[in-house]
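Structure record follows, encoded as structure tokens.
The values are calculated or read from the model by the stated rules, or taken from the named source; none is laboratory data. In this text the structure is predicted, and so the values were computed from the model without any measurement. Here Cβ is always computed from backbone atoms with ideal geometry, including for glycine, and neighbour counts include all displayed protein chains. SASA here: full protein model, heavy atoms, side chains in, ligands and nucleic acids out. Shrake-Rupley method; radii C 1.70, N 1.55, O 1.52, S 1.80 Å.
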Amino acid sequence: MPLHRARQRALLTLTASVAALTLAACSAGESTPTTDDETAAADTASSAALADAGLAGLDGREIVDTLDALPLADRPTDLMVSVRPDELLVTTADEGETTVSLEGEDFYVSIAPYVDQTHECYFHSLTTCTGELQNAEVDVLVTDDATGEVVLDETRTTFDNGFVGLWLPRDLDATVTIEHDGLSASTPLSTGGADDATCVTTMQLT
């Protein structure tokens with residue numbers, strides 16, 4: 001193989017690896033099949049990690065709200081807490097894994113508006129995802145597409161990770177508009193499906 005082709009192939013492989021790692025850092029992937037003993041051990045490890053992070057005994061919504069409020073420097077580094085439509089997927093550094101229910105009337109979605117830079121994300125990670133506009137004041141408007149009713153109209157401050165977290169009614173097709181410093185962006189949002197996104201990083205303010 002000519003040298004320049006070998007270099008091109010190596011570069012493509014490296015680029016793909018970096019992209020995969022970046023996406024994984026924000027949104028935990030699908031779990032692999034395990035035996036009952038492995039599952040029990042993984043649950044134990046994840047429960048211990050939650051306890052170490054001061055999250056033991058909290059329900060899903062309480063875990064979300066607690067982690068959202070933490071400064072980045074204080075967020076646990078030994079576990080990933082990935083938000084799915086109906087549960088939190090908790091994964092430790094040694095691949096221990098457990099789930100915490102998020103079933104209820106409200107659906108959680110985290111939005112990172114940006115001006116210059118963003119990242120790909122689908123399921124929000126409360127411990128690893130970071131956005132551009134940290135601790136920034138934003139105006140958030142959520143409107144029901146079917147009725148035109150205003151579901152939420154508030155001024156929020158993005159968390160230390162650059163996201164604003166919203167608890168919205170389930171089974172909603174809506175439009176979200178965010179304004180900041182004279183700039184704005186709008187995007188459609190759905191909370192009705194088991195596979196709906198919990199992380200929105202595509203709202204570029206212009």
Of the residues in the range 127-146, those that are farther than 12 Å from Thr175 by Cβ and surrounded by fewer than 12 Cβ atoms within 10 Å (Cβ to Cβ) come to Asn135
- prompt: Regarding Ser101, is this residue in contact with a strand residue (DSSP E or B) (Cβ under 7 Å, 6 or more places away or on another chain), buried (at least 21 other Cβ atoms within 10 Å of the Cβ), among the polar types (S, T, N, Q) and closer than 24 Å to Gly60 by Cα?
  reply: no
Heads up, the strands (runs of 3 or more DSSP E) in the range 129-190 (entirely inside) with at least 2 residues that are within 25 Å of Gly104 (Cβ to Cβ), touching a Phe, Trp or Tyr at 6+ places or on another chain (Cβ under 6 Å) and touching a residue at least 24 places away in the same chain (Cβ under 8 Å) are 164-169
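Table: residues versus (1) closer than 23 Å to Ile111 by Cα; (2) in contact with a Cys (Cβ under 6 Å, 6 or more places away or on another chain); (3) polar (S, T, N, Q).
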residue	(1), (2), (3)
Thr44	no, no, yes
Ala51	no, no, no
Arg75	yes, no, no
Glu87	yes, no, no
Thr91	yes, no, yes
Glu95	no, no, no
Among residues of the range 104-128 being among the small types (Gly, Ala, Ser) and not in a loop (DSSP other than H, G, I, E, B), the residue nearest to the chain's Cα centre (by Cα) is Ser125
(message) If I filter the range 181-188 for residues that are open to solvent by less than 20 Å² (accessible area, probe 1.4 Å) and among the aliphatic types (A, V, I, L, M), do I get at least one hit?
(response) yes
